[in-house]
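Novice: One structure follows; several queries about it will come next.
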Amino acid sequence: MTSAALARTNSMTDSVKERRLRPLYDLLDSGNCKKVLQEADKLLKKHPSFTCAKVFKALAWMRLGKLEDCLATMDQVFEECPIDEGTLHAMSICYRELDMPEKVCILYENANKKEKSEEHMTNWFMAHVRILDFANQNKVATALYKSYSKGMYLMWAAMSLYSKALMLDDQNIAKTITLPLASRMTSKYIAENALCTDNDIYMFITILHKSGDYAQALSVLKNSEDRMKNWSYGHYIRMETLCLKMLKDDNKLADMYERNIIHDSEDLNGFKDYIASFGITKTERIIKFINGIAFAYDPKVQKLQSRITLGALILLTRTLVNNKANLCSIDVRKLYLDYFKLFASKPYFLRDVRSLWKYLRENTNSLEEDMVKNSGTLTNLYSKLQWKSNFECAVSFLNEQDILSHPAKVVNSVCSLVKSYYAADGQYRTSGLEIEVRDAAPYENLLVTSCVLLMKTYWRKQGFWAGLDLNVEMHSLDLDKKEVGGKAVVENGVSTTPVTDKGRVFEGEFAILLTLALLEYGAEHSPYYSAYRLLLGKTYLFCAAAVPGLEQIMKMDIKHMQVDSLGYLYIPKTLRSGIFSDSMRLLIHADALYIASGREVVEHIISAYRNTSWQQVLEFIGYRNQMVCSLQACQVRVEKRLLEYTVDASCREQILKIAHRETVDVKVAFATSFQDNRDLDFHLIMNEDTTSAEYTALTFKDNIHKLRLRTTFLGIITNYVRALSNLNDVEKFNVNIAQACIAHASFTQCMANPPKHNLKNSEGRFLFAPWFPTCDEYVGSPIIICIHDFIELVSTAGELCCQKNSQQDMSKVFALMKTANQSLADGLEATTIHWPKVDISLVNTSNLIEEICEVVETLGFICILLDVLKGFLEKMSPTLLEIKGRKKRSKEPTVVVTDAPWVTQFNSLVNSLISSLSNVDDILSGLRVSFVDRYATSWTEGQEAYWYKMVADEVRLIIEHYIPIVGRKLNDSFLRSCYELKANTQLKKQYAESLVVS
């Protein structure tokens, strides 16, 4: 047969295969995996060597959850070493879904050895890209260039070398070997290709910059100036900035910033970088430049340029504020009034000027009148409503210090804002504008501002509402409020009449319950306005009501880049709420999101390689590293594994199963490459204080230290439990004990050296809402100190197990048993002594639930450690002693059954644990009863009498419906916390009872 005829035959064969596989593709896409197996078997009966059909069977087995059958089928096909692209593609999909991307690399390597082709080699290269194996990427790309002489492959090799250099721990090797080689490759490509793109030049400059050759990088950039006529302030101009910064040529750098700002003034990135670089050192020059820039433009676009100019001044002000520099050279008042005149009718106004409130409050004389004079001309109802909303919110922020000086003033201000909200809502809904911009009502800020004022009194001012009867106080301040309801007995301005009805409101709870009611109303009426849901979720979580809090957070439209920031808010608080089932689902969801994001980024990297877009390759590699090196991602993995022990540990078999799952390497927590991806300002609403760089750095350091504590503890638990399964395998047992000892040493070091810093203000309140305890508070907790003694005990027993004459040193173990027993009793008493049994306030409820959750978790870990200790002691010394003698005139031996020396003390230790769990169980039983009617779930006369004397008519329209809703959500969440904590406590109690040696 001729070659042409053979080619036609193969072509026909391929088309037949494609036609016969099409139904299998459709069935897999529809999820009908059982039908896939049947159809694949039919094909294989007719064509036993149809390898692609076998791979489809493997995919069906995998999606049905039968991994053993899937792997067996894949191994069979793998051994056949297929070379047709359809089979290879299907196998690569299967291996990726099995999370075995390394097998894809071997697959294409074998295919290329069997039949060398450009397609096989490019897919082989991309397989290494998926696992970011830069060394092999370079190897395959170089082979491609040598075989097919395409310049693109040379750039692939250079890009791989550059990426490898970024990951090298030894940067000296990178700068002396790796980067110079990448630079030579890129230089050769540019010299040989007259049609090289801007991307190629950018790559060359990037490599030169990374290798430290800034002068040459700047020279290449200048020589390519003819290609720059269409460049905006982007990556190319940033490269010039970086080179000038490294060369420390400040004057040229400032000139370059100003030139590019004039060239493309609509992009504020230029302003941001200019101000960030010289906001402190060249303040006068910047102010002079910004003041003069407005006259350099056409009058037709003057308004646009004014916004950019004023925006730049506000950026400069923020820079000076964060660096605590002198603001005397800037007229903040004039700046604010100019900005107000132009943009008070815009939704972004309050966000833009947030950093100026502190300085404007120093001189508020006639400022309100000046704001009215600078109102400008408003042409439509939407602008008028937005202006009025921004104006009233701004007045509240400016007068905040006076408003927060007395509870009655806060209530009066809140009622005024809600009244304005209702008036604006009535105008808006009857105007017809609602249909056009339903999700962006211009007056939503009014309701949010009122809630922020209330929450500031609760979070920042301890005891602000305590003992005050607002009705009487309002009269004494002559705030024009009408008394509704009965009178209270007042002594020295403090109410002595307690509220004794069911569903009573404790002192201080008025503010938080009213906040929740207003936010519930806002979230229901404007479901797409994220500020409501974010603040509502924060407030519920602050009260340890994780169920409604998590519900609101999960309803938000969360972008991938916000996962770290939002996770910092909700994951730690949910974990400490006792709602273990939701916490586990949340951690699985977060972990899956990180994994999916990583895979998605890899696909973007591959696409960028194929399109020779080196800029995007670097961007996506950087984003992937950002996700991989994220502190939050590591926290999720560690807390997920620890929660598995907390929820599922009910017997030795179960803890062995958990321990042999994939775990987190202890070394990961001690990496120096952690990135702080948290955008703390993302949590802030309206006029909540911005977070300083100092505070951000302190909390990040604190979080890392606590992560190290939790990770090392996970390493201790996991390795000791694994040692239990290897009691009869000396080599593996010794390895497990050695790894546990390393983790124990790191844990002890972390316990001894927590970071010291002050994250609280003069009133003892956190500078920023505390979503979990600081590391020094965690380390100082009596129950955490207690677990350190148990780790010391198990560690000593484990080390003795590795010795031949271990029974000779049992006295040390006995002494540590007594210490641990006393530590458990003291730690639990110190933790639970202040726990109230009934009638606890909302703030005490949240603290109590979090403390109980921490104690239950810790007692569960102690239970696991005691199981490990029992296994070690049984290995060293049998439970029962051996035969002692024989009876006289009898052939039967006398069996004397006595306990080993350790049994009594071990049982005492277990009984102490059971007693501790019973104590916690009793407390939870009492709490569960008190939470049934903790808050009123219907609008009763008692509720009406209490609330009507507090607030104005407009607010009453909201609270009549939403206070009962809030009460029901709080009751249900607290009850569920109690239920799950109690169930988990009883599970641990049964586990502990099974450890008693009878």
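The values are calculated or read from the model by the stated rules, or taken from the named source; none is laboratory data. Every value quoted in this text rests on a predicted model; they were computed, and no experiment measured them. Methodologically, a virtual Cβ is constructed for each residue, glycine included, from the backbone with ideal geometry; neighbour enumeration extends over all protein chains shown. To get the accessible areas, we keep the full protein, side chains included, count just its heavy atoms, and leave off ligands, DNA and RNA. Shrake-Rupley method; radii C 1.70, N 1.55, O 1.52, S 1.80 Å.
Novice: Keeping every protein chain in place, order 74, 246 by accessible area at 1.4 Å, biggest value first, i.e. largest first.
Specialist: So the residues, ranked largest to smallest area, are 246, 74.
Novice: What is the set of long-range amide H partners of residue 66 at a cut-off below 5 Å, with H atoms built 1.01 Å from backbone N?
Specialist: Amide H neighbours of residue 66: none.
Novice: Does the range 15-115 classify as rounded, prolate or oblate by the C-alpha gyration tensor (a ≥ b ≥ c root eigenvalues; a/c under 1.5 gives rounded; else a/b over b/c gives prolate, otherwise oblate)?
Specialist: Oblate is the answer for the range 15-115, as a/c is 1.5 or above yet b/c matches or exceeds a/b.
Novice: Let me check I've understood the local charge: for residue 726, count other residues with C-beta under 12 angstrom from its C-beta, Lys and Arg +1, Asp and Glu -1. What total comes out?
Specialist: Net of charged neighbours comes to +1.
Novice: Percent of accessible area on the range 15-115 owned by carbon and sulfur, 1.4 Å probe?
Specialist: With neighbouring chains kept in place, the figure for the range 15-115 is 51 percent.
Novice: Report the accessible area of residue 64, computed with a 1.4 Å probe over the heavy atoms of all protein chains in place, in Å² rounded to the nearest 10.
Specialist: So the heavy atoms of residue 64 present about 70 Å² to solvent.
Novice: To continue, here is another question. If each of residue 675 and residue 423 carries a label point 7 Å out from its Cα toward its Cβ, how far apart are those two points in nm?
Specialist: 4.9
Novice: Sticking with this structure for a sec: Using modelled amide H (1.01 Å from N, peptide plane; none on Pro or chain starts), what sits under 5 Å from the amide H of residue 441, excluding residues fewer than 5 places away?
Specialist: none
Novice: So, one more: Which of 288/388; 146/222; 346/701; 245/706; 188/210 have a Cα-Cα distance over 27 Å?
Specialist: 288/388; 146/222; 346/701; 245/706, as the Cα separations exceed 27 Å there.
Novice: Same structure, new question: Between residue 730 and residue 908, what FRET efficiency comes out of the Förster formula 1/(1 + (r/R0)^6) with R0 = 25 Å and r the beta carbon distance, rounded to 0.05?
Specialist: 0.25
Novice: Same structure, new question: Modelled label-to-label distance, residue 756 and residue 147, 7 Å Cα→beta-carbon offset: nm?
Specialist: Going from the residue 756 label point to the residue 147 one covers 6.3 nm.
Novice: Another question about this same structure. Distance from the Cα centre of the range 145-175 to that of the range 911-929, in angstrom?
Specialist: 62
Novice: Let me ask something else about it. Just reorder 708, 429, 585 by solvent-accessible area, largest first, 1.4 Å probe, all chains present.
Specialist: Of 708, 429, 585, the descending order of accessible area is 585, 429, 708.
Novice: Would you tell me the accessible area of residue 206, worked out with a 1.4 angstrom probe on the heavy atoms of the protein chains, in Å² to the nearest 10?
Specialist: 10
Novice: Which value, in Å² and to the nearest 10, is the accessible area of residue 658 when all protein chains are kept and the probe is 1.4 Å?
Specialist: Its heavy atoms expose roughly 0 Å² to the probe.
Novice: Right, something else. When the Cα centres of the range 608-665 and the range 63-81 are compared, how far apart do they sit, in Å?
Specialist: After rounding, the separation between the Cα centres reads 26 Å.
Novice: Give me a comma-separated list of calculated 3J(HN,Hα) values for the range 660-675, in order, Karplus coefficients 6.51, -1.76, 1.60 applied at θ = phi - 60°, integers in Hz, x for any Gly or Pro.
Specialist: 8, 6, 4, 10, 9, 5, 4, 4, 4, 5, 9, 5, 9, 9, 4, 10
Novice: What FRET efficiency would be calculated for the residue pair residue 198, residue 276, taking the C-beta separation as r and a Förster radius of 41 Å, to the nearest 0.05?
Specialist: My answer for the efficiency is 0.95.
Novice: If the only charges are +1 at each Lys and Arg Cβ and -1 at each Asp and Glu Cβ, what is the size of the charge dipole of the range 15-115 around the Cα centre, to the nearest 20 debye?
Specialist: Computed about the Cα centre, the dipole is about 520 debye.
Novice: Please give me the summed charge of the neighbours of residue 956: other residues whose Cβ is under 11 Å from its Cβ, Lys and Arg +1, Asp and Glu -1.
Specialist: Residues near residue 956 contribute -3 overall.
Novice: Percent of accessible area on the range 177-220 owned by carbon and sulfur, 1.4 Å probe?
Specialist: Reported share for carbon and sulfur atoms: 57 percent.
Novice: Here is a follow-up. Please list, in order along the range 40-45, the HN-Hα scalar couplings obtained from phi with the Karplus expression 6.51 cos²θ - 1.76 cosθ + 1.60 (θ = phi - 60°), rounded to whole Hz, x for Gly and Pro.
Specialist: 5, 4, 4, 5, 6, 5
Novice: Of 794, 628, which has the most accessible area with a 1.4 Å probe, and how do the rest follow in descending order?
Specialist: Largest to smallest exposure gives the sequence 628, 794.
Novice: Let me check I've understood the local charge: for residue 915, count other residues with C-beta under 12 angstrom from its C-beta, Lys and Arg +1, Asp and Glu -1. What total comes out?
Specialist: Every neighbour counted, the sum reads -3.
Novice: Per residue, how much accessible area does the range 15-115 show when a 1.4 Å probe rolls over the protein heavy atoms, in square angstrom?
Specialist: It amounts to 53 Å² per residue over the range 15-115.
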